[in-house]
Each structure stands twice: as C-alpha cells, then as structure tokens.
Amino acid sequence: MGIQDIIEGKKQWRAHMARVKALPPDYQIVYKEIQRYFFKVGPIDLLDGSLLSGTVDFFEEGVAARKGVLELIGNDVAAFCDDLVKDSRTYADIYQESIRGEPSTAEK
C-alpha cells in the first residue's frame, strides 16, 4: 500500500463520515453502535467491502421515506448486525476457533 492509497482511503473515509454526520441524530447514534459492533466482531473484510457504506445508503433511504431508524432495523441492533454478516467469516469466528484449538483458515 503506497502513500497515494493511504491518502485516497482517508478521503473516502472522511466523505463516508460526512454522510453519517448528515443523518438525523437517532440514525447517527445507531450507526455508531453498528460501526462499533462491526469493528469488534464483524467480518474480516469489513473495510474492503461495502457493508458500512451500504448501511449509510440504507439509512439515507429510511430518512427520505421519513421512517425512524428502529422502524428500519428493529429494536435489537446486534441482531440486525448479525443478520448482515451471517454468511461472512468474522473476528468472533477466529476467536472461537482459537479457544477450541482449531486451525485457522490460513493454516488449513
């Protein structure tokens, strides 16, 4: 990864966060909880994929439809997040494998 890639990544992240800050306060709070959840147990390829930007897209559509954020995702933020990453390999999976003594995918 070169310096240009780092600079471009920062520009993209700042633009992404500007979109988040344009959301209503309740959406921002839920987005930050989703982001925190994904950074803790989310998919390994989180930053390479479109999961976070797709979430902002989804939220922007909800705002345009004049829906509350909990109308979109339900009352359980963790369950919403789990459903989004149900088919992805997560950091939580790696941790569980390490506890059980299973070899990681890289070792298989």
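Entry comment: accessible area of the range 1-89 is 66 Å² per residue, from protein heavy atoms only and a probe of 1.4 Å.
Along the axis of the charge dipole computed for the range 9-58 (Cβ charges of +1 for Lys and Arg, -1 for Asp and Glu, origin at the Cα centre), the listed residues ALA15, ILE44, TYR27 are led at the positive end by ALA15.
With the convex hull of its Cα atoms as the shape, the chain has an orientation-averaged projected area of 8.3 nm². Measuring nothing but protein heavy atoms, the accessible surface of the chain at 1.4 Å probe radius is 54 percent carbon and sulfur. Think of it as helices only: each DSSP H run of n ≥ 4 in the chain is worth -39500 (n - 2.57), and spread over all residues that comes to -21000 deg cm²/dmol at 222 nm.
All other residues whose Cβ lies under 11 angstrom from that of VAL41 are scored, Lys and Arg at +1 and Asp and Glu at -1, for a net of 0.
Structure remark: mean-square fluctuation, Gaussian network model of the chain, C-alpha springs under 10 Å; the largest value among ALA78, ALA92, ALA64 belongs to ALA64.
The values are calculated or read from the model by the stated rules, or taken from the named source; none is laboratory data. Bear in mind that the values here come from a model prediction, so they are computed numbers and not experimental data. Virtual Cβ from ideal backbone geometry, glycine too; neighbours counted across all protein chains shown. We work out accessible area using only protein heavy atoms, side chains counted, and drop any ligands, DNA or RNA first. Shrake-Rupley method; radii C 1.70, N 1.55, O 1.52, S 1.80 Å.
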